[in-house]
Amino acid sequence: MLEIVNLHAKIEDKEILKGLTLKIDKGEVHSIMGPNGSGKSTLASILAGKEDYEITEGDIIFNGESILEMSPEERAQEGVFLAFQYPIEIPGVSNSYFLREALNSIRKSKGKAPLKPVEFIKIAKEKIKDLKMNESLLNRSLNEGFSGGEKKRNEILQMSILDPMMAILDETDSGLDIDALQIVADGVNALKNDEKSFLVITHYQRLLNYIVPDYVHVLVAGRIVKSGDKSLALELESKGYSWLEG
Amino acid sequence: MGNFENNISLEFDRFNNNSADSWISSHRADTFGKFKSLGVPKLTDEDWRFTNLADFSSKSYSLNNKASDIFDKRLIPEILKDIDGHFIILVNGKLVEYSSDNFQVHDLSKMLQENECSFKNLIKGSFSDKNQDFSFFLNSAFLDRGCFIEIDSSINVEKPIVILNFFDSNAEMSLVNHRNIISISTSSSVKIIEYSFAVNDIDYFSNKSTFFYLNDNSKVEHLSIDDGSKNSNIFSNIKIMQGRDSNFTTDTILIGGKLFRNNVHPILNGEGSNSNVLGLYLSKDSQLMDNYMFVEHAKAHCDSRQLYKGLLNDYSKGVFHGRILVHNEAQKTDAKQTNRNLLLSNTAQVDTKPQLEIYADDVKCTHGATTGQIDKEALYYLRARGINEDLARIMMIRSFTEEVLEFISDDILLGLHKKVVERWFVESNLISGD
């Protein structure tokens, strides 16, 4: 589903990704771990289409098509979803208005009719219940007044409503307590099937006890230096990253 | 600048000589004298330093005196057609027709001819000279028309009163000067919509004042939509005298006019009163919208809230001057002022200036202003969820304009505010009109 080929990327003359290659097939859960500054969040941003980065070499192919020239909204419409590490607040735009417009924009790109507000609210309320969140969030402004944990759960709520083909989780577990972590993991696992893929970017091994990866990759200084199965994550937890750096 | 003053002096002499020696003619002469000692402001005048009146004062506007006694109802703007309210129609400032219910509507031009008019003081207003500008003195000097709405005590006017200020072709190159007065007695409440508009793109000088007298425990919600012709110069003075425990909310939306000077002056003159001064100035092309708020806390235990937001496109310019005066007996004042500006182009600009004068020692007074463009991070977030860039922009712009709605409770006023803003989005090509 996703093929990243020898990707080099820089921001303001600083090269961050230095030849990253990764292949994710349908139905697979991949995890990327790495020390701070290795380029994990940069990779996530680039996949989602953030325009601040310059791709100097390589390609990103999603479902057989290069997405390098696609805008963020086009990528989302193709089925890419990024759960942000630091979701921002947008006062004045309600959660429900925002999500309905997002869902309808994606539906429109696929030739489907938009959902009426009533239909949308019904779906939203179900998903909110599954994630043990409060219905009142629908009328509140996007992420406004949400705690860090609530914001992360809101990202997963959006993911479950928008139902992407490929979901990238950028350090979704950072700052969450065990209970919140369980809920987030349940939300992600409920979406898993043979057609969807997940790229879980994490700094801590703990999340991978809940969202079990098929493959684990280690990103150091802008390149993937080692790949393995879930046992690699445990190895990293006990040994750290220094044995892979340098 | 001398051109304007000479011209207007000639007009005044012709005008006031027609009226016999009366209370109003001496008031006019008195206030014209005050205008003359001030003159038309220059950029060196502190309260006008962001607003260049050179073009305006180079024109020779003659006093409007051509009669326009009829109003074709087909001219009522589409956006107001479905409103179930009491329409009061003024053409070039003159009351032409009205409908009323549990309140009285008087023709100001007739009242001014009565020597024993019992409303003299309300018509003249008792506002301290030192806080008035040239437009207000001129408005008094040339006062000969308008409407006076009188609401007795313990009356709730259920349907909104809709005041249409219409400028027809007879207003071209003229000074249209009028005053609308609304007097609300004890424990009464009313909603008022004011809609000012003109025929075609005529050039006129609209100098309007609106007086609100809120007696104790009364409540008013006011929505004023100013969609004049694009070549017009519009000066407006809204003055509100509030009694004890009164509640006043005014929401002004500035849309059409070449130059706007919007003065809003509530005086919290009774303990426990509350004033919400809201506004939206929507500017494009090379419009200039100058907003001068002056909230006066004269008594203790009063609250005021100012929330003015500017949406500026193209080469337009906005000004916000937020003055709060807390008199020394106004203890426990709670006053808040917020001005937010969203620049939609790199060439739009805004000047914002708070002015706090506090003479009491136990008060809460805050002010804040921001000016910026659409938040790029927020735009990216919306787009990353599949929303096209144009739609993402308009979602952010629309939500920016809706903050003032938190202070308005009437559904008709809320609905009209939103429709007017959407209409502006379409007219400004920010969204397609479908």
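Couple of notes before you dig in:
- The stretch B:357-388, residues that are more than 7 Å from chain A (Cβ to nearest Cβ), surrounded by fewer than 18 Cβ atoms within 10 Å (Cβ to Cβ) and assigned to a helix (DSSP H, G or I): B:Lys376
- In this structure, B:Gln331 does not satisfy being out of contact with any helix residue (DSSP H, G or I) (no Cβ under 8 Å at 6 or more places or on another chain) and crowded, with 23+ Cβ neighbours inside 10 Å.
- A single entry from A:Glu144, A:Glu135, A:Glu155, A:Glu150 fulfils the requirement of being under 18 Å from B:Gly386 (Cα atoms) and either touching a residue at least 24 places away in the same chain (Cβ under 8 Å) or not polar (S, T, N, Q) (or both): A:Glu155.
- Listed by position, the strands (runs of 3 or more DSSP E) enclosed by the stretch A:8-120 that each have at least 1 residues that are in contact (Cβ under 8 Å) with a residue 12 or more places away in the chain, within 20 Å of A:Val188 (Cα to Cα) and within 10 Å of chain B (Cβ to nearest Cβ) are A:80-83.
- Comparison of B:Ala360, B:Ala378 shows that the only residue that is over 26 Å from B:Asn276 (Cβ atoms) and among the hydrophobic types (A, V, I, L, M, F, W, C) is B:Ala378.
- Options B:Gly93, B:Gly125: the member that is closer than 24 Å to B:Phe205 by Cα, out of contact with any His (no Cβ under 7 Å at 6 or more places or on another chain), surrounded by 15 or more Cβ atoms within 10 Å (Cβ to Cβ) and at pLDDT 90 or above: B:Gly125
- Condition broken by B:Leu430, with the remaining ones in (1) surrounded by 18 or more Cβ atoms within 10 Å (Cβ to Cβ); (2) in a loop (DSSP other than H, G, I, E, B); (3) within 14 Å of chain A (Cβ to nearest Cβ); (4) not basic (Lys, Arg) satisfied: (3)
- Candidate set from the stretch B:51-89 (those that are of a type in the set (A, V, I, L, M) and in a loop (DSSP other than H, G, I, E, B)); member that is surrounded by the most Cβ atoms within 10 Å (Cβ to Cβ): B:Leu53
- Filtered residue count, the stretch B:151-173, keeping only those that are part of a loop (DSSP other than H, G, I, E, B) and either in contact with a Lys or Arg (Cβ under 7 Å, 6 or more places away or on another chain) or not polar (S, T, N, Q) (or both): 9
- Of all residues in the stretch B:392-403, none are more than 10 Å from chain A (Cβ to nearest Cβ), out of contact with any Phe, Trp or Tyr (no Cβ under 7 Å at 6 or more places or on another chain), in contact (Cβ under 8 Å) with a residue 24 or more places away in the chain and in a loop (DSSP other than H, G, I, E, B).
The values are calculated or read from the model by the stated rules, or taken from the named source; none is laboratory data. Note that this is a predicted model, so its numbers are computed, not measured. Positions of Cβ are generated from backbone atoms using ideal geometry, with glycine treated the same way; all protein chains shown enter the neighbour counts.
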